[in-house]
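Here the structure is laid out as structure tokens; the discussion comes afterwards.
The values are calculated or read from the model by the stated rules, or taken from the named source; none is laboratory data. Computed from a predicted structure; not experimentally measured. All Cβ positions, glycine included, derive from the backbone under ideal geometry; neighbour counts span all protein chains shown.
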Amino acid sequence: MKAIFKRELRSYFTTMLGYIFLTMFLVLTGVLFYLNNIYFGVTSVKNFFSLLTSWAVFIIPILTMRLFAEDRKLKTDQLLMTAPVPVRSIVLGKFLAAGCVLAGALAVTLIYVIVISFFGTVNWAETISCYIGFLLLCGVVLAIGAFMSSLTDSQIVAAVSTYAILIVTVFLGNIAAALPDPFQSLLLWLSPTERFLDFAMGILDPSALVYYISLIALFVFLTMNVMERRRLS
Amino acid sequence: MIEVKELVKHYGDKKAVDGITFTVNDGEILGFLGPNGAGKSTTMNMLTGYISMTSGEIRIGGIDIIEDPIGAKRQIGYLPEQPPLYPEMTVSEYLCFVCELKGVKDIQAHMKEIAAKTGVTGVLSRRVGNLSKGYRQRVGFAAALAGDPKVLILDEPTVGMDPNQIIEIRELIRSLGKEHTVILSSHILSEISAVSDRVLIMDNGKIAAEDTPENLARSEKRDTVKRMLIRIDGESEQIEKVLDSFGDSFTYERINEDYELTLNADAAEDIGRKLFFAFAKAELPILMQKEEEVSLEDVFIELTQKEEKR
């Protein structure tokens, strides 16, 4: 797993992909930080993260579209699948590499928190829960993206299908508002972005943590199964 | 070392591999020969655990590939038809990655060793994507050697190489065959007969023939008629008169300047001498006299076409 993780992480930065992602992510967070915090002189990062959740989902598939689709295209999956390494190590290694790049990008945004702490008081509980919640939400998006990438050998198809799912996911809350009750509460319960609102308020709800971690585990597990099943066809 | 029993692979309705059984002994070089689509690559992909079989059994060094895939894969080095390379990596990065993947202990030293064996030491710092096809093939070969596996499975190892490189790779395969068990495939016959101890001719997912290259060529010789090519300096009427005097020993056909004789099986003995004296008597000098050998190519065409007719 270590070998795959290291190679994958390095390949983000030997190709343009890692830099493109970092640039987009930092421009986006920079703009949001300026608009939410500096412009209005607000010390709370709640709104910053609430807006970021709707926008960041559109750049995260950059990290995942390549993960498995490229291996199939280049036939390097033949190397990985015939190496004495279990499938779960391959999937986890790749998933963690993508997660690592994302966590790195998120770590850079801590500068904003430091900036706030110089000019005002930081609500640490809220900030920490926002970071934890956002990281988990991104983990879900990465897992969905990885799963879509494992289904195809085209990076474009992987990215576009991930976007399709994410658009529905982001608007699930809005769709729910227009529906009668049993459906409304069901959709609100399902929506990953609605769950994030708890974190934004500084609440570390165990059920939300379990929800995110199970979603990540589910899609990682599905990805492993796709890899395993492809050998049978 | 390798035991394959009743191996079957379906792709939908199509039977890609249809119940093949064979074994490969320790230190043997086995050649897979067959036209495109005969099931060579599918068989190799199953041997290496890349795809699974519909039914049948594969044992690598006594380990069943279904029961203990990791243990079986640890003994195999695989060079697929298209070498599995990451274009953005340098050759040394790539080989180190493969070594790490296969759990090699002293990565740097082992990487240098396999690079030297396959002659890629000079390009270690270059990016894989910028290499020529021949070099990519060699890098793929080096990757297959990583971890010093007991079994090497090489799918068309010399594709895209120039004649000098082909000779080098053949020598490499032959030297590796002393310590490793090697299976290689090709649709180029000279390739197979040059290095293999044993040839397995595949067609339509079945084994059409299995023997040493020499035996395959010899066995075919027995059933088919021998051919001889001669070139005589003289008028065609005179030549044909001499040839006619041999009666039903052979039939002949004029091809440009030369005559191709198709000999009858029982009359084939010593026909060369008889021809020589006959033409000497007629004062017609023989410029060329050549027995046409039955090559593996003839065996191959014979076997695979027979299969088609069925």
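For this structure, a couple of remarks:
- Some residue of segment A:57-73 being in contact (Cβ under 8 Å) with a residue 12 or more places away in the chain, crowded, with 16+ Cβ neighbours inside 10 Å, within 14 Å of another protein chain (Cβ to nearest Cβ) and of a type in the set (Ser, Thr, Tyr): no
- Pair list, Cβ under 9 Å, 6 or more apart: segment A:81-93 residue more than 10 Å from every other protein chain (Cβ to nearest Cβ), other residue among the polar types (S, T, N, Q): A:Val91/A:Ser150; A:Val91/A:Thr223
- Candidate set from segment B:259-310 (those that are in a helix (DSSP H, G or I), of a type in the set (D, E, K, R) and over 29 Å from B:Asp233 (Cβ atoms)); member that is modelled with the lowest pLDDT: B:Lys309
- Residues of segment B:125-147 satisfying the condition of being surrounded by fewer than 18 Cβ atoms within 10 Å (Cβ to Cβ), in a loop (DSSP other than H, G, I, E, B) and modelled with pLDDT of 90 or more: B:Ser125, B:Arg126
- Taken over segment A:17-39, the criterion of being free of Cβ contacts under 8 Å to residues at least 24 places away in the same chain and under 19 Å from A:Leu142 (Cβ atoms) is satisfied by A:Tyr19, A:Thr23.
- All positions within segment A:14-54 that are outside any helix (DSSP H, G or I) and within 14 Å of chain B (Cβ to nearest Cβ): A:Thr15, A:Met16
For every residue, the table says whether it meets (1) within 18 Å of the chain's Cα centre (by Cα); (2) on the phi > 0 side of the Ramachandran plot; (3) loosely packed, with under 14 Cβ neighbours inside 10 Å.
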residue: B:Gln165; (1), (2), (3): yes, no, no
residue: B:Arg170; (1), (2), (3): yes, no, no
residue: B:Ser193; (1), (2), (3): yes, no, no
residue: B:Ser196; (1), (2), (3): yes, no, no
residue: B:Met202; (1), (2), (3): yes, no, no
residue: B:Asp244; (1), (2), (3): no, no, yes
residue: B:Phe250; (1), (2), (3): no, no, no
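- There is no residue in segment B:86-104 that is more than 23 Å from A:Ser11 (Cα to Cα), surrounded by fewer than 17 Cβ atoms within 10 Å (Cβ to Cβ) and not aliphatic (A, V, I, L, M).
- Taken over segment B:29-59, the residue count meeting the criterion of being out of contact with any Ser or Thr (no Cβ under 6 Å at 6 or more places or on another chain) and charged (D, E, K, R) is 2.
So that you can scan it fast, the table gives a plain yes or no per residue for (1) among the small types (Gly, Ala, Ser); (2) on the phi < 0 side of the Ramachandran plot; (3) touching a Leu at 6+ places or on another chain (Cβ under 7 Å):
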| residue | (1), (2), (3) |
| --- | --- |
| A:Thr23 | no, yes, no |
| A:Val27 | no, yes, no |
| A:Gly41 | yes, no, no |
| A:Leu52 | no, yes, yes |
| A:Gln78 | no, yes, no |
| A:Ser89 | yes, yes, no |
| A:Ala98 | yes, yes, yes |
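- Going through (1) farther than 27 Å from B:Pro87 by Cβ; (2) of a type outside the set (Val, Ile, Thr); (3) assigned to a strand (DSSP E or B) one by one, B:Leu184 falls short only on (1).
- In the set (1) in a helix (DSSP H, G or I); (2) in contact (Cβ under 8 Å) with a residue 40 or more places away in the chain; (3) β-branched (Val, Ile, Thr); (4) closer than 30 Å to A:Asp205 by Cβ, the condition left unmet by A:Ile114 is number (2).
- Of the criteria (1) touching a residue at least 24 places away in the same chain (Cβ under 8 Å); (2) in contact with a Ser or Thr (Cβ under 8 Å, 6 or more places away or on another chain), which one B:Pro83 fails: (2)
- Members of segment A:203-220 found to be assigned to a helix (DSSP H, G or I) and either touching a Cys at 6+ places or on another chain (Cβ under 6 Å) or surrounded by 14 or more Cβ atoms within 10 Å (Cβ to Cβ) (or both), listed by number: A:Ala208, A:Leu209, A:Tyr211, A:Tyr212, A:Leu215, A:Ile216, A:Leu218, A:Phe219, A:Val220
- Evaluation of A:Ala164 against (1) of a type in the set (Gly, Ala, Ser); (2) touching a residue at least 24 places away in the same chain (Cβ under 8 Å); (3) surrounded by fewer than 20 Cβ atoms within 10 Å (Cβ to Cβ) (one fails), failing number: (2)
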